[in-house]
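The next block holds one structure in the form of structure tokens; read it before the comments.
The values are calculated or read from the model by the stated rules, or taken from the named source; none is laboratory data. Note that the structure is predicted; figures quoted are calculated from it, not measured. As a convention, Cβ positions derive from the backbone with ideal geometry for all residues, glycine included, and neighbour counts pool all protein chains shown. All accessible areas refer to the heavy atoms of the entire protein, side chains included, with ligands and DNA or RNA removed. Shrake-Rupley method; radii C 1.70, N 1.55, O 1.52, S 1.80 Å.
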Amino acid sequence: MKKILLLFIALTINHIQAQEVKTLTYFQNDTLKLDLDLYLPKKKANEKIPLVMFAFGGGFSGGERTSEKNFGLFMAQNGYAVASISYSLYMKGKDFGCKGTLTEKIKAIQIGVSDMWQATAFLIENADKYNLDTSKIFISGISAGAEIGFQASFWDYKLMNLYKSNLPENFKYKGFIGGSGAIQDINLITKEKAIPMLLAHGSNDDTVPYAAGSHRSCPTNASGWLILFGSYAVYNQMRDLHKDIELITFCGGGHEFSGYLFHEGQQYVLDFVNDVLKGKKFESHLIQPSKQGKSSGKYLFCE
């Protein structure tokens with residue numbers, strides 16, 4: 001039994017070591033330096049590697065790109081590259097809640113999105129060096145990172161980008177994986193712009209709304225009031241458009257489930273990207289009971 005255990009440990013270590021992690025600077029000027037960690041699978045001859053861009057959570061004031069290292073390793077072990085990016089934490093030392101300033105909150109998101117676009121462009125420009133398939137770039141994120149992912153997928157790039165125009169004309173992410181994120185304008189998701197999505201969200205999330213609602217549950221007279229459309233609103237929009245969408249709802253759950261897809265639910269992510277690349281069509285809503293809270297009674301499927 002001891003020999004079997006030692007063999008298992010050795011094989012596991014060798015499997016992990018077969019992956020490669022590179023730290024690269026994707027943007028730098030006189031005042032700012034932004035890096036990304038690129039997790040690469042073992043190279044296969046003449047085979048380009050699909051890529052998953054990832055943005056961490058933290059309210060645009062905290063967090064770090066190394067927080068989801070296990071997710072990067074897991075995807076690399078299964079043949080995918082992952083780029084976990086650092087981005088500008090514009091709200092550090094500022095109020096991103098109800099007493100904050102609306103324009104500052106939107107600016108924080110716009111800067112984060114521009115950083116994501118910049119990181120994406122950097123990897124497209126260096127695709128040959130790292131054997132990346134630029135036609136198969138997914139985007140993903142947790143909480144604030146998922147808000148970056150939503151806006152990066154659907155905002156007008158030429159209008160909202162704060163840096164030089166450097167993404168290819170008509171660039172489109174292959175799919176989006178979001179943990180407890182939201183989009184500012186649901187009407188940006190059109191039949192022409194829609195991409196396959198995998199979303200997870202707690203139905204009682206009072207930080208980022210599960211359906212349509214205010215960020216941080218702020219009252220309408222708050223200086224930081226910001227309307228957002230969360231995962232359930234997006235799910236219904238995608239269904240109406242007959243586009244590929246998977247939603248995992250944690251009934252009664254709050255914002256604590258924002259990292260689920262990148263922790264316990266990594267297999268869901270792997271299955272999702274595999275299905276998208278195989279051209280499979282899908283529409284599903286997986287309802288999970290939550291021990292973290294009680295149903296609010298808003299949704300019959302949670303009763």
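Structure notes:
- Scanning the stretch 127-145 turns up one or more residues that are farther than 22 Å from GLU192 by Cβ and of a type in the set (Lys, Arg).
- Criterion (under 29 Å from GLY265 (Cβ atoms) and more than 19 Å from the chain's Cα centre (by Cα)) met by exactly one of ASN131, ASN126: ASN131
- Residues considered: LEU73, LEU32, LEU38. Of these, the only one that is more than 24 Å from HIS255 (Cβ to Cβ), touching a Lys or Arg at 6+ places or on another chain (Cβ under 7 Å) and among the hydrophobic types (A, V, I, L, M, F, W, C) is LEU38.
- Of the residues making up the stretch 57-107, those that are on the phi > 0 side of the Ramachandran plot and either under 16 Å from the mean Cα position of the chain (by Cα) or among the acidic types (Asp, Glu) (or both) are GLY58, GLY59, PHE60, GLY63.
- Test: residue in the stretch 289-302 that is among the aliphatic types (A, V, I, L, M) and touching a strand residue (DSSP E or B) at 6+ places or on another chain (Cβ under 6 Å): no
- Checked against (1) under 21 Å from PHE282 (Cα atoms); (2) without any contact (Cβ under 8 Å) to a residue 60 or more places away in the chain, LYS174 meets all criteria but (2).
- Criterion applied to ILE111, ILE106 was being in a helix (DSSP H, G or I) and either of a type in the set (Lys, Arg) or surrounded by fewer than 17 Cβ atoms within 10 Å (Cβ to Cβ) (or both), and the one residue passing it is ILE106.
- Looking only at the stretch 135-161, and only at residues there that are in contact (Cβ under 8 Å) with a residue 40 or more places away in the chain and over 16 Å from ILE85 (Cβ atoms), the one that is most open to solvent (accessible area, probe 1.4 Å): LYS136
- Pairs meeting the criteria (first residue in the stretch 99-114 and within 20 Å of LEU32 (Cβ to Cβ), second residue open to solvent by 60 Å² or more (accessible area, probe 1.4 Å) and aliphatic (A, V, I, L, M), beta carbons under 8 Å, at least 6 apart or on different chains) are GLN110/LEU162; ILE111/LEU162; SER114/LEU162.
- If only residues of the stretch 194-220 that are of a type outside the set (Gly, Ala, Ser) and free of Cβ contacts under 8 Å to residues at least 40 places away in the same chain are counted, the one that is farthest from TYR235 (Cα to Cα) is THR220.
- Answer from SER214, SER223, SER203 - the residue that is modelled with pLDDT of 95 or more, over 18 Å from SER153 (Cβ atoms) and out of contact with any strand residue (DSSP E or B) (no Cβ under 9 Å at 6 or more places or on another chain): SER223
- Index of the failed condition, SER165 passing every other in (1) in contact with a Ser or Thr (Cβ under 8 Å, 6 or more places away or on another chain); (2) farther than 27 Å from PHE96 by Cα: (1)
- The residue list PHE154, PHE54 contains one member that is touching a strand residue (DSSP E or B) at 6+ places or on another chain (Cβ under 6 Å), modelled with pLDDT of 95 or more, of a type outside the set (Val, Ile, Thr) and within 22 Å of ALA182 (Cα to Cα), which is PHE54.
- Within the stretch 37-66, residues that are more than 16 Å from ASP115 (Cα to Cα) and open to solvent by less than 50 Å² (accessible area, probe 1.4 Å) have Cβ atoms under 8 Å from residues that are among the basic types (Lys, Arg) and modelled with pLDDT of 95 or more in these pairs: LEU40/LYS22; PRO50/LYS136; PRO50/LYS174; LEU51/LYS136, counting only partners at least 6 apart in sequence or on another chain.
- Any chance GLN266 is without any contact (Cβ under 8 Å) to a residue 60 or more places away in the chain and farther than 15 Å from ASP206 by Cα: no
- SER231 of a type in the set (Ser, Thr, Tyr) and without any contact (Cβ under 8 Å) to a residue 40 or more places away in the chain: no
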